[in-house]
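Peer 1: Here it is, the structure, as structure tokens.
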Amino acid sequence: MKTASLSLRNLTRRPGRTWALVLLTGFLSLSLFAGSVVVMSLQSGLNSLEARLGADLIVVPKAAQSKASFQNIFLQGTVGAFYMDAELLDEIAATEGVAKAAPQTFLATLKADCCSSRLQVIGFDQQADFTVQPWIVQSSSRELGPMEVAVGSSISAGVGESIRIYQKSCPVVARLSATGTGLDTAVYCSMETMKTLLAAAEEMGVSHKVTADNSDGVISAVYVKVAEGADIDQVASSLASHPSWKTAVVQTRSMITGVSDGLAGVSSAVKVLIGAVWALAFVILLVVFALLMNERRREFAVLRLIGASRRKLARVILTETGLVCLLGGCLGVAVGAALVFPFTALIESTLNLPFLTPSWGRILLIAALSLAGTVLMGMLSSARTAWKLSRVDTGSILREGN
């Protein structure tokens with residue numbers, strides 16, 4: 001009888017034992033696959049955040065620290081709006097060491113008939129911008145026209161459809177690639193469109209005025225590119241040294257460092273958990289296979305008696321282990337995928353870190369490596385049992401119990 005056929009018969013003859021081993025090895029595969037996907041998604045999200053920020057410094061009103069955190073708009077998609085006088089843009093641009101200064105204006109929509117849903121709308125200057133436009137170019141080769149918008153990847157509206165923002169219909173002309181950050185839930189428009197939307201919001205009782213007489217001269221943030229050779233800390237200190245501005249300066253480097261530190265902590269915890277699971281599972285498998293050796297001694301003695309070689313008996317054990325681990329590995333990968341992919345938004349909000357799922361090619365590679373690792377672990381844990389069972393003393397074992 002062929003080794004594979006004999007191994008399959010042995011497995012189906014004891015379904016309880018077989019499924020117990022399948023579930024154990026499945027847990028191994030699940031922990032490795034799901035943990036690796038989470039760690040890789042967090043790293044991809046960090047890389048995406050770093051690429052999307054594009055600026056060295058961001059000047060925001062101090063209200064951004066007390067109302068909706070500016071960082072949470074990036075990381076969690078928190079909807080918020082805060083304003084400062086638009087005249088500050090020229091003063092910021094004239095500061096020594098500033099090479100580029102691009103304004104953005106935020107508008108938070110309401111859960112009401114005014115809008116398709118609660119959205120974060122971001123208006124940007126298409127001539128001065130150096131952070132949003134390069135991202136939009138990947139989806140649309142032209143500038144946004146009047147009332148036209150580009151939407152993040154998590155917005156349900158597609159190109160050719162329209163969304164309502166404060167009773168204004170805004171055609172979607174571009175859908176941006178995923179970043180794994182809160183910006184995937186944002187809507188982008190030109191500054192001209194933003195002025196129209198701010199006026200529409202004002203008519204519905206949503207005030208954005210900084211003072212009573214500046215009905216539309218407001219911005220929410222200024223993205224700053226520091227001149228080559230200039231010291232970022234010194235420029236940040238210069239921008240923060242104007243008490244009359246009532247602004248705060250965010251260093252994107254420190255934001256990324258904070259996110260990176262959080263990612264390192266989560267990654268270390270996941271790796272420790274995976275290591276603990278595998279160490280425990282390896283010990284359990286060693287014990288299980290050692291117990292199986294006593295249980296199957298007579299079975300293998302009979303096989304030796306009817307002519308099976310020692311090598312063949314070892315191959316039977318290893319083939320059984322390989323089949324069990326392969327089935328358990330596939331089951332673990334499937335369960336891991338079902339636990340991770342439908343809940344990426346929940347994972348991101350729980351960890352408060354950017355989360356960008358890797359490409360399907362990388363996911364398939366992780367799955368293949370998880371399967372290979374699970375099978376290898378099973379084979380190593382059963383190797384000692386296979387060696388011992390293949391060398392049973394046929395005569396003495398068959399005489400036992402007579």
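Peer 1: I'm checking my understanding of the structure. Among residues of segment 346-371 that are free of Cβ contacts under 8 Å to residues at least 24 places away in the same chain and of a type in the set (Gly, Ala, Ser), which one is farthest from Glu50 (Cα to Cα)?
Peer 2: Here the answer is Ala368.
Peer 1: If you don't mind, there's one more thing I want to ask. Taking Arg315 and the conditions (1) more than 18 Å from Leu8 (Cα to Cα); (2) at pLDDT below 90, which numbered condition does it fall short on, given that it satisfies the others?
Peer 2: (1)
Peer 1: Pick from segment 225-257 the residues that are part of a helix (DSSP H, G or I) and without any contact (Cβ under 8 Å) to a residue 40 or more places away in the chain: which of them is nearest to Gly45 (Cα to Cα)?
Peer 2: Going through the qualifying residues, I end up with Thr257.
Peer 1: What number goes with the only condition from (1) modelled with pLDDT under 85; (2) more than 28 Å from the chain's Cα centre (by Cα); (3) surrounded by 13 or more Cβ atoms within 10 Å (Cβ to Cβ) that Ala236 does not pass?
Peer 2: Here Ala236 clears every test but (1).
Peer 1: Scan segment 180-194 and give yes if some residue there is over 15 Å from Ala81 (Cα atoms), charged (D, E, K, R) and not in a strand (DSSP E or B), otherwise no.
Peer 2: Yes, segment 180-194 contains a residue that is over 15 Å from Ala81 (Cα atoms), charged (D, E, K, R) and not in a strand (DSSP E or B).
Per-residue answers, yes or no, for (1) at pLDDT below 90; (2) surrounded by fewer than 23 Cβ atoms within 10 Å (Cβ to Cβ); (3) of a type in the set (Ser, Thr, Tyr):
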position	(1), (2), (3)
Phe33	no, no, no
Met40	yes, yes, no
Gly45	yes, no, no
Lys67	yes, yes, no
Leu75	yes, no, no
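Peer 1: Further, regarding this structure: Does Gly328 satisfy being touching a Leu at 6+ places or on another chain (Cβ under 9 Å), under 18 Å from Leu11 (Cβ atoms) and modelled with pLDDT of 85 or more?
Peer 2: The answer is yes for Gly328.
Peer 1: Okay, next question. Quick check on Leu89: is it modelled with pLDDT of 70 or more and within 28 Å of the chain's Cα centre (by Cα)?
Peer 2: So Leu89 fails the test.
Peer 1: Condition first: surrounded by fewer than 16 Cβ atoms within 10 Å (Cβ to Cβ), in contact with a helix residue (DSSP H, G or I) (Cβ under 7 Å, 6 or more places away or on another chain) and not in a strand (DSSP E or B). Can you find one or more residues in segment 195-205 that meet it?
Peer 2: no
Peer 1: Would you kindly identify the strands (runs of 3 or more DSSP E) lying entirely within segment 114-169 that contain at least 3 residues that are buried (at least 21 other Cβ atoms within 10 Å of the Cβ)?
Peer 2: In segment 114-169, the matching strands (runs of 3 or more DSSP E) lie at 120-124, 149-151.
Peer 1: Could you say which residue among Ala281, Ala186, Ala276 is within 30 Å of Leu23 (Cα to Cα) and at pLDDT 85 or above?
Peer 2: Ala276
The values are calculated or read from the model by the stated rules, or taken from the named source; none is laboratory data. Computed from a predicted structure; not experimentally measured. Cβ sites come from the backbone with ideal geometry, for glycine too, and all protein chains shown count toward neighbours.
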